[in-house]
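Enquirer: Below is the structure I would like to discuss, written out as structure tokens.
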Amino acid sequence: MKKFSVITMIIVILFSSSLYAFAAPPTSNQRTTRIESVDAEGNTIIEYLTPIDTTAEVKFFDEEKLNSKSVMSGDRTYLYSLYRYDYSQIIQHNSKSKINDKFICSVPLGKTFTTTKTVETSGSVSFEGSVDSNQKEAVNKSFGLNAQGSLTVTVQQSETYTFHDSLLNKGFNVCDYYLAVGFDKYKVVLKKN
């Protein structure tokens, strides 16, 4: 029996001080951008890019501004500073190996399978360079991550899978589906006000 594997990967973003990011996988309701490709082993990879909240911002107190002479002398009132998402761009696709592969189901040729259990996996953001906690919080908010910089992705019970069209007439009898976390390296720019 000839088998073929389909790996559903969630793009995870990496982040660094000049503001590069590795982000985390989107939840089921965040799956908006879908990219399909074939990896070096011949597996079909279905990627869902993490949507970005371009309105996310983090308010904080800047010690330099709080202690500045103009604020201390009463000439100006300082309320707070904030980091706001400006833009991001992918610098490197598949910058790290996929992790946390979870088996979803096997689908025989010509069949459809509906999941009977929930399958989940998760990934976390990592930062390069020196990034302060306020910058990390702004990136986490922008990419829909929790406070620790991670996100859990779930394939819900009752999701339907079919034998993958790309396998027809190629001699495969079974298509295996997996959920995994993949990584793209991003450059992320924040504005500080």
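The values are calculated or read from the model by the stated rules, or taken from the named source; none is laboratory data. Because the structure is predicted, anything quoted here is derived from the model rather than measured. Cβ coordinates were reconstructed from backbone atoms using ideal geometry, including for glycine residues, and neighbour counts include every protein chain displayed. When the accessible area is computed, the model is the full protein with side chains, heavy atoms only, and any ligands, DNA or RNA have been set aside. Shrake-Rupley method; radii C 1.70, N 1.55, O 1.52, S 1.80 Å.
Enquirer: Go through the stretch 29-110 and tell me which strands (runs of 3 or more DSSP E), entirely inside it, have 1 or more residues that are at pLDDT below 85 and within 13 Å of the chain's Cα centre (by Cα).
Expert: Counting at least 1 such residues, we get 33-38, 44-49, 81-108.
Enquirer: Here's another thing I want to ask about it. Of all the residues that make up the stretch 160-189, how many are of a type in the set (A, V, I, L, M) and either open to solvent by 10 Å² or more (accessible area, probe 1.4 Å) or over 25 Å from Val119 (Cβ atoms) (or both)?
Expert: Of the residues in the stretch 160-189, 4 are of a type in the set (A, V, I, L, M) and either open to solvent by 10 Å² or more (accessible area, probe 1.4 Å) or over 25 Å from Val119 (Cβ atoms) (or both).
Enquirer: For the stretch 121-180, name all the residues that are hydroxyl-bearing (Ser, Thr, Tyr) and assigned to a loop (DSSP other than H, G, I, E, B).
Expert: Matches in the stretch 121-180: Ser130, Ser158.
Enquirer: Determine whether the stretch 149-164 contains at least one residue that is of a type in the set (S, T, N, Q), modelled with pLDDT of 85 or more and closer than 30 Å to Thr54 by Cα.
Expert: The answer is yes, given that some residue of the stretch 149-164 is of a type in the set (S, T, N, Q), modelled with pLDDT of 85 or more and closer than 30 Å to Thr54 by Cα.
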